[in-house]
Each structure stands twice: as structure tokens, then as C-alpha cells.
1. Looking at this structure, is B:THR146 over 21 Å from B:THR31 (Cβ atoms), more than 8 Å from chain A (Cβ to nearest Cβ) and buried (at least 19 other Cβ atoms within 10 Å of the Cβ)?
2. Within the stretch A:120-131, track down each residue that is at pLDDT 85 or above and facing chain B (nearest Cβ under 8 Å).
3. For the stretch B:79-121, give me the residue count where each residue is within 27 Å of A:ARG8 (Cβ to Cβ) and not aromatic (Phe, Trp, Tyr).
4. Cβ-Cβ below 7 Å, separation at least six or inter-chain, first residue in the stretch B:111-134 and on the phi < 0 side of the Ramachandran plot and crowded, with 16+ Cβ neighbours inside 10 Å, second aliphatic (A, V, I, L, M) and in a strand (DSSP E or B): which pairs?
5. Checking the conditions here, which among A:LEU72, A:LEU134, A:LEU147, A:LEU104 is more than 10 Å from chain B (Cβ to nearest Cβ) and either within 30 Å of B:LEU25 (Cα to Cα) or outside any loop (DSSP other than H, G, I, E, B) (or both)?
6. Where in the stretch B:1-107 are the helices (runs of 4 or more DSSP H), entirely inside, with at least 2 residues that are away from every other protein chain (no Cβ under 11 Å) and buried (at least 20 other Cβ atoms within 10 Å of the Cβ)?
7. Any residue that is modelled with pLDDT under 95 and of a type in the set (Ser, Thr, Tyr) - is there at least one of those in the stretch B:99-110?
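The values are calculated or read from the model by the stated rules, or taken from the named source; none is laboratory data. In this text the structure is predicted, and so the values were computed from the model without any measurement. As a convention, Cβ positions derive from the backbone with ideal geometry for all residues, glycine included, and neighbour counts pool all protein chains shown.
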Amino acid sequence: MLHSWVGRVAAICGLLAVLFALMIGLGAPAPDPAVGDYPDGNALAQDPDNHVGDYVQVTGTVVGTEPVEIDLGYDYTADGERHSGTLTVTVRNVDTAVAEGQSLQVYGTFGPDGTITAENSVSVPAMNYTAMYLVSALAGLWTLGRLICGWRLDLQTGALCRRDEPLTPIQALFDRVREVRA
Amino acid sequence: MPDLLSHAFIAFTLCTLFSLRFDWLTGEYVTVGMAGAFIPDMAKIKLLVDSATVEAALGVPFDWLGVHTLGGAFVAVLVGTVVADRRDRRRVFGLLSLGAASHLFADALLLKASGQSYEVLWPLTRYHPPTPGLYLSTDVWLAGVTGTVAVAVSLAVQYRT
């Protein structure tokens, strides 16, 4: 068992079903401040009145500095209908210097007038996502390259087997080129 | 952490250090540990298909971050273990677990405004443990620091007398 293609595929399907169930499970519960799970932008957009006086933790883009205003993107499904958009909230008591375009994470209380009185805030400079994705892709290529050099797929059983003699990167590239040309 | 490179460096460093203790832990196995560090960030699939889209399509609540937790990462590690050749399963399980755990732990130290991290131990508990807030998710210097340590450890292990 689990040593053939059929066994492996069946086991992986079963495991993916469990993983999927875990993802559904994590999406289900409502925020619970008692465990440190504070209402976020989605919760405030969905039912603001229900959260007046609550501690909330939201992250948004700074769109105003006098007073500080942030845009919270929300995207949730309620009663089978999808709601998405942005909610602009005013934040009082921000103790860090902020500039428009920055991302700001705020922890504080949600007031009846729809503003948040910050207890703590963390500002994040407008991020260079392209550079970040490039760096992450580099990590992926590095690991994938090492995987190809050290391991091979056994087509008989579908198993990933360790190579008795690991390839060097040059060799791996050479083999690949030869395969493509053949 | 923002970039996978830092996570890959951390897993590389840990596995290289473990190779001092376990003779069988060669470069090929270090790679398995590094692959394990990628597991929690499979949640980044949300950049292509976000959780709300899946919710709307299926009509049930959904959160990709499920794989970025103890339970989700464990199941994903089992997938990797099943794929591995039977002779290597135990080692692969251990190393994938090490890589994935190092990732979850490093992310539990991220700075949060509320001072509490994320549901890292889910589904055992939804508790968000307090975080020391050592770094921001955008700190690029982390890749430099973890990379320097990785190179230093690798050289030290290679040329130890």
C-alpha cells in the first residue's frame, strides 16, 4: 500500500480533502477577541454596529494624514452574495508618522461614529512587491534546482527517489537540453 | 516573513547544523528541509485566487491560510511523505516537518499592532500567541542576515577539522 501510483494518488486525494476541510474550518468562525482574533476590515464592513466598543485590528492604505484616514479593502460572502469594496475609516491617536500610500496596521477601539481610536499602530512603507516576488522566485528556483539534482521520479511507482549519484547543476542542465532536443 | 528566500535560508541553516549530528543528512536531504519551508506559503495561492472567490464559488467559508497553521502544514507534510520513496519516508517526514515548523515559528514573531500573532496552532486552538514583534513583513534586511548566517554555517560545517 502507498507504494504504487494508485496507492499514492488515492492517499494524496484523501489528504488534500482533509487539507481542504481544514481551510473551510479556519474560514468559518467569527472573530473572537478572547483568543486574540480581533474583528478586521471584513467584519467592520459586514456589520459595523455589532462591533462598536470592540477592540479591532485592521490594516489599510493611508489616504489622509490630517486626520489619519485609511482605506480598508473588504471582500466577504454573506447569504450567498459576495460583497467587496473599500471602507474608509478615520483613525485617532496615531502615534507614528504616516505618509499617504503607506500601509498602516491599527489596533484600537471602534467607536459609534465609525472611527478607530488607536492604541497601537504599525506603519509599513509602500512595498516593493516586484522585488519581493523576484527574491521569492529566486528561492523557489534554488530549491527546485537542488531537488532536480538530488532526486528523481520513479515512473514505475510514482515515487520520488534519492539519486545514488547526485547530478551537478551543469549536468542537470545538460541532460535537460539533451532531452528537449531529442 | 515577506520573502521565501529568508525561510529557505533558515531551513538550510537548520538542516546543515543537523547534518553534524546525523551522518545520513547529506545535501539531498537538506533540500527536503528547504522544500518543507515552502509549505506554509502555499497559502500565497490567494494572490491568484483569493479566499472570497472560493467562498463565493462553493458557498462555504474558506481561508487559504489553513495551510499556514500547524494542522494544515502537517497534512501537507504527509502529502510529501507519501510521494517519497518508502525507504526515505521517515527522513523526508522529519525534514519536511522541520522546514515547515521553522517557517511557522519565524512568522509567529512578526510585529502586529495588537501584539498577538496568528492562529499558528490551529486546529488545536484558535489562540493567537503573543508575538515579540521582532520584524516587519517588509524588512528586506532579513534575507541578508539569514543568508549570511546560512553561508557561514555551510562553510563552517564543510571545512570543520
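1. On the way: over 21 Å from B:THR31 (Cβ atoms): no; more than 8 Å from chain A (Cβ to nearest Cβ): yes; buried (at least 19 other Cβ atoms within 10 Å of the Cβ): yes.
Here the answer is no, as B:THR146 does not meet what is asked.
2. Step one: list which residues in the stretch A:120-131 are at pLDDT 85 or above, which gives A:120-123.
The answer is A:ASN120, A:SER121, A:VAL122.
3. Step one: filter the stretch B:79-121 for residues within 27 Å of A:ARG8 (Cβ to Cβ), giving B:79-104.
This time we only want the ones that are not aromatic (Phe, Trp, Tyr), so: B:79-92, B:94-104.
Qualifying residue count for the region: 25.
4. B:LEU111/A:VAL122; B:ALA113/A:VAL106; B:ALA113/A:VAL122; B:SER117/B:LEU110; B:THR131/B:LEU110
5. Numbers: A:LEU134 fails: more than 10 Å from chain B (Cβ to nearest Cβ); A:LEU147 fails: more than 10 Å from chain B (Cβ to nearest Cβ); A:LEU104 fails: more than 10 Å from chain B (Cβ to nearest Cβ).
Of the residues listed, the single one that is more than 10 Å from chain B (Cβ to nearest Cβ) and either within 30 Å of B:LEU25 (Cα to Cα) or outside any loop (DSSP other than H, G, I, E, B) (or both) is A:LEU72.
6. Working: elements: B:4-18, B:27-38, B:51-58, B:70-83, B:89-107.
Those helices (runs of 4 or more DSSP H) span B:4-18, B:89-107.
7. no
A quick yes/no check of all residues on (1) under 30 Å from A:GLN105 (Cβ atoms); (2) among the small types (Gly, Ala, Ser); (3) surrounded by 19 or more Cβ atoms within 10 Å (Cβ to Cβ):
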{"position": "A:ALA118", "(1), (2), (3)": "yes, yes, yes"}
{"position": "A:SER121", "(1), (2), (3)": "yes, yes, yes"}
{"position": "A:THR130", "(1), (2), (3)": "yes, no, no"}
{"position": "A:VAL135", "(1), (2), (3)": "yes, no, no"}
{"position": "A:LEU138", "(1), (2), (3)": "yes, no, no"}
{"position": "A:LEU144", "(1), (2), (3)": "no, no, no"}
{"position": "A:ASP154", "(1), (2), (3)": "no, no, no"}
{"position": "A:ALA159", "(1), (2), (3)": "no, yes, yes"}
{"position": "A:GLU165", "(1), (2), (3)": "no, no, no"}
